[in-house]
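This report refers to the structure that appears directly beneath it.
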Amino acid sequence: MSPRAVYRHVTHTIHHAPEGGITYEAFCAAANCGAESGPRSEQEAAQDWALRHTGRTGHDLFRCVFTDHAKVTRAE
């Protein structure tokens, strides 16, 4: 006798998890630069870093990353 698998499809939902917080980061997109703000808990802190970096280097293009945390729960 061979083993049998039973699959049960369950609906889940995904939503923002406030306890995880949100992190903000800015990365300089100038060629061969590689500078980055590092993760910050406030968006303004990452933006301030980018403004200071522009003032020091003249680099004016940045990639901004916002990291959110989500929680998956079974829909009942």
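If you go through the stretch 11-20 and pick out every residue that is in contact with a Lys or Arg (Cβ under 6 Å, 6 or more places away or on another chain) and part of a loop (DSSP other than H, G, I, E, B), you end up with 1. Sub-9 Å Cβ pairs linking a first residue in the stretch 32-48 that is over 16 Å from ASP68 (Cα atoms) and of a type in the set (A, V, I, L, M, F, W, C) to a second residue that is in a loop (DSSP other than H, G, I, E, B) and open to solvent by less than 90 Å² (accessible area, probe 1.4 Å), at least 6 apart or interchain, are CYS33/HIS59; ALA35/HIS59; ALA45/SER37, ordered by first then second residue. Select from the stretch 21-76 the residues that are out of contact with any Ser or Thr (no Cβ under 9 Å at 6 or more places or on another chain), in a loop (DSSP other than H, G, I, E, B) and among the aliphatic types (A, V, I, L, M) and write down the one among them that is least open to solvent (accessible area, probe 1.4 Å). Only one residue tops the list, namely ALA29.
Just wondering, is there one or more residues in the stretch 4-20 that are on the phi > 0 side of the Ramachandran plot and open to solvent by less than 60 Å² (accessible area, probe 1.4 Å)? Walk me through how you get there before you give the answer.
So the first thing to find is which residues in the stretch 4-20 are on the phi > 0 side of the Ramachandran plot, and the list is none.
Taking every residue of the stretch 4-20 in turn, none turns out to be on the phi > 0 side of the Ramachandran plot and open to solvent by less than 60 Å² (accessible area, probe 1.4 Å).
Just to be sure, is ARG8 without any contact (Cβ under 8 Å) to a residue 12 or more places away in the chain and under 27 Å from THR73 (Cα atoms)? Write out each step before concluding.
Details: without any contact (Cβ under 8 Å) to a residue 12 or more places away in the chain: yes; under 27 Å from THR73 (Cα atoms): yes.
For ARG8, the condition - without any contact (Cβ under 8 Å) to a residue 12 or more places away in the chain and under 27 Å from THR73 (Cα atoms) - is met.
The values are calculated or read from the model by the stated rules, or taken from the named source; none is laboratory data. In this text the structure is predicted, and so the values were computed from the model without any measurement. Counting neighbours? That spans all protein chains shown, and the Cβs are built from the backbone with ideal geometry, glycine included. To get the accessible areas, we keep the full protein, side chains included, count just its heavy atoms, and leave off ligands, DNA and RNA. Shrake-Rupley method; radii C 1.70, N 1.55, O 1.52, S 1.80 Å.
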